[in-house]
Amino acid sequence: MTTAGAVMAAAAARLRAAGVPDPARDARLLLAHAASVDAGRITLIAPEEIAPEIAERFERLVSLRAVRVPVSQLVGARAFFGREFKVSREVLDPRPETETLIELALSERFERVLDLGTGSGCILVTLLAERAEATGIGVDLSEGACLQASANAVVHGVAARAEILQSDWFAAVEGRFDLIVANPPYLAAEEMGHVAPELRDHEPRMALTDEADGLSAYRIIADEAQGYLTAAGRVLVEIGWQQGDAVQEIFRRAGWGAVTLAQDLGGRARVVSASMPA
């Protein structure tokens, strides 16, 4: 008899040999997905014989994970700020550090929000789900990302308050907003050779790098966002952990009011905020 626990242990060893970070966790999550059970119940089925069809599904998932396809793409979802978001190869995988931006956004009142480069829609949808009176627009250059963001807006019940537009930054945007948020591509082109295979090979390159110095999007936002903000509006942008000084300088040179830097829970520079000039 081949037990689920034995198959899971063998998969973890295989993933470890392939260089996958936290292989035991990934094996557990993938087995739970293959068996259609909650990950917290895996220990209950571990002593049981694994059904052939579950073993076959699990083998396919493990084979893909061994070549560094992200777990979120294999299971089709990723948790973010207490909600499950549908993901695919078309969008950047929502990451815990982006929750720093969410917390800062929620620390002040807003009624209308613009999310630049919305991707999966995790930022826009979360903000609208947390603020029932708010409405917003999410824009992305990728049609696939727009479809994914729209789907997540439906899943989380905010579609009536969210408009998703295909746009190159502000090109298709009209009106003014209390809050503009963005998690733009901030990796420099030269950094792409050093990122994890999960990012480099399986996530959309245009969401990761500007193919230049990693600061192009911040220059665009700093130069144009004031034309889309209300008088008391503010901008929040996620940054790479080494970009704090450079991004703050970009906003200061563009004539913004208060420009501040916030750290994530790991103590790394994560979000630059800027207010309208007095």
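Residues in segment 259-278 that are surrounded by 13 or more Cβ atoms within 10 Å (Cβ to Cβ) and assigned to a loop (DSSP other than H, G, I, E, B): 264, 268, 276.
Within segment 77-92, residues that are over 15 Å from residue 153 (Cβ atoms) have Cβ atoms under 6 Å from residues that are aromatic (Phe, Trp, Tyr) in these pairs: 78/85, counting only partners at least 6 apart in sequence or on another chain. Examine segment 221-230 for a residue that is touching a helix residue (DSSP H, G or I) at 6+ places or on another chain (Cβ under 9 Å), in contact (Cβ under 8 Å) with a residue 12 or more places away in the chain, closer than 23 Å to residue 171 by Cα and not in a helix (DSSP H, G or I), and state whether such a residue exists. Looking through segment 221-230, none of the residues is touching a helix residue (DSSP H, G or I) at 6+ places or on another chain (Cβ under 9 Å), in contact (Cβ under 8 Å) with a residue 12 or more places away in the chain, closer than 23 Å to residue 171 by Cα and not in a helix (DSSP H, G or I).
Conditions (1) within 18 Å of residue 71 (Cβ to Cβ); (2) out of contact with any helix residue (DSSP H, G or I) (no Cβ under 7 Å at 6 or more places or on another chain); (3) surrounded by 15 or more Cβ atoms within 10 Å (Cβ to Cβ), marked per residue:
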| position | (1), (2), (3) |
| --- | --- |
| 9 | yes, yes, no |
| 15 | yes, no, yes |
| 27 | yes, no, yes |
| 31 | yes, no, yes |
| 36 | yes, yes, no |
| 49 | no, yes, no |
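One line per residue, one yes/no per condition, for (1) at pLDDT 95 or above; (2) basic (Lys, Arg); (3) in the same structural domain as residue 110 (by TED's automatic domain parsing); (4) closer than 18 Å to residue 137 by Cα:
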residue: 233; (1), (2), (3), (4): yes, no, yes, yes
residue: 236; (1), (2), (3), (4): yes, no, yes, yes
residue: 244; (1), (2), (3), (4): yes, no, yes, no
residue: 252; (1), (2), (3), (4): yes, yes, yes, no
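Is it the case that segment 3-11 has a residue that's part of a helix (DSSP H, G or I), in contact (Cβ under 8 Å) with a residue 24 or more places away in the chain and closer than 14 Å to residue 74 by Cα? Checked against the condition, which is being part of a helix (DSSP H, G or I), in contact (Cβ under 8 Å) with a residue 24 or more places away in the chain and closer than 14 Å to residue 74 by Cα, segment 3-11 yields no hits at all. Screening 66, 55, 11 for residues that are within 23 Å of the chain's Cα centre (by Cα) and more than 25 Å from residue 239 (Cβ to Cβ) leaves exactly one candidate, 66. Do any strands (runs of 3 or more DSSP E) entirely within segment 79-156 hold 3 or more residues that are crowded, with 22+ Cβ neighbours inside 10 Å, and if so, which? In segment 79-156, 112-116, 135-140 are the strands (runs of 3 or more DSSP E) which contain 3 or more residues that are crowded, with 22+ Cβ neighbours inside 10 Å. Just one of the listed residues (136, 117) is at pLDDT 95 or above and in contact with a Lys or Arg (Cβ under 8 Å, 6 or more places away or on another chain), and it is 136.
The values are calculated or read from the model by the stated rules, or taken from the named source; none is laboratory data. Bear in mind the structure is a predicted one, so any value in this text is a computation, not a measurement. Ideal geometry is used to build each Cβ from the backbone, glycine not excepted, and the neighbour counts take in all protein chains shown.
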